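The structure under discussion appears below in the form of structure tokens.
The numbers here are math on the coordinates, done by the rules we state, and not lab data. Bear in mind that the values here come from a model prediction, so they are computed numbers and not experimental data. Cβ atoms come from the backbone with ideal geometry, glycine included; neighbour counts cover every protein chain shown.
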Amino acid sequence: MMVEAMWSALQSEISHGQPVALATVVDVHGASPAQVGFKLLARGDGSWLGNVGGGALEQRVRQEAAAVLADGQPRLVHYRLTESGEDALGMLCGGEVTVFIEPYLPRPTLLIVGGGHIGRPLAELGRVVGYDVQVVDMRPDRGDRPQFDPDAVTAATYVVLITEDHVTDEAALRQALSTPAPYIGMIGSLRKVGAILEHLRAEGFSEAQWARVHAPIGLDLGGRQPAEIALAILAEVECVRHGGSGQPRSRSTA
């Protein structure tokens, strides 16, 4: 029944777009409270289901699962259930346990507010890269939803504000700043951006909130055509998403 509950919970979290990590005991030698096949499902909110043996071993696995959720990289971890030595957990059992931890992360969402001449190529590029693309626009022929819903924005949603009206951009920006979006970008000239910044300051928005905003939006790639601007925007989104520098690889020393 526990296995059924585990797989049911995993499927539920995935279907609801929630990040989870599944830890599975894949090897055991010597005395250990864990057995091969024991599983633990770690959720993004810190809760978990199942067990891999309890005690210090389970605490360490939960910590490792949190790290897997943070960087999205699976890993194979080895523990010695001894008081000292490499990989020791401070336990007296004396055995060894190997655990494989794999992340199940939601597909990132590219939320484009404005389905105009830049929004269209940006949506196409976003789909090619692998985003779940959502376009907000009052015109049904340009978007799939008429309004920006901040409650639908998650920590995996990248928000791009590129409407044809600075008032609409500013209104959407206010809403976006209340969300956990890891990227908020807004199109506009330096003059427009400066004016909106002053409006937000006057309304009590903090400098820390404004620091989250990428405006003017995009990397400076030099192109000025709509598709080229869309590419520059997506390049910046990807840079933020993956922690890149935005510098040419030819200048890298690594």
The chain: spread of alpha-carbon positions along the three principal axes, whole Å, largest first, is 68, 46, 38
Rounded to the nearest Å, the spacing of the alpha-carbon centers of region 122-169 and region 10-37 is 35 Å
Taking the radius of gyration and the Kirkwood hydrodynamic radius from Cα positions alone, what is the Rg/Rh ratio for region 109-249, to two decimal places? 0.93
Quick one: angle between helix 55-71 and the longest Cα principal axis of the chain, in degrees between 0 and 90, rounded to 10, please. 20 degrees
Report, in degrees rounded to the nearest 10, the 0 to 90 angle that the Cα long axis of helix 190-202 makes with the longest principal axis of the chain. 70 degrees
What does DSSP give for the chain in terms of the percent of beta bridges that are antiparallel, rounded to the nearest 5? 55 percent
Among Ala181, Ala156, Ala67, the residue with the largest mean-square fluctuation in a Gaussian network model of the chain built from Cα contacts under 10 Å is Ala67
I'd like the distance between the alpha-carbon centres of region 173-218 and region 73-114, rounded to an integer number of Å. 37 Å
If you rank Asp151, Asp132 by fewest surrounding Cβ atoms within 10 Å, what's the result? Asp151, Asp132
Arranged from highest to lowest average of other beta-carbon atoms within 10 Å per residue, in what order do the peptides 6-13, 51-58 appear? 51-58, 6-13
With Cα coordinates, the longest principal axis of the chain makes an angle with the long axis of helix 2-15, in degrees rounded to 10, of 10 degrees
Where N is the number of residues in region 2-104, Cα Rg divided by 2.2 N^0.38 Å: 1.05
The chain - mean residue ellipticity at 222 nm from DSSP helices (-39,500 (n - 2.57) per run, n ≥ 4, rounded to 500): -10500 deg cm²/dmol
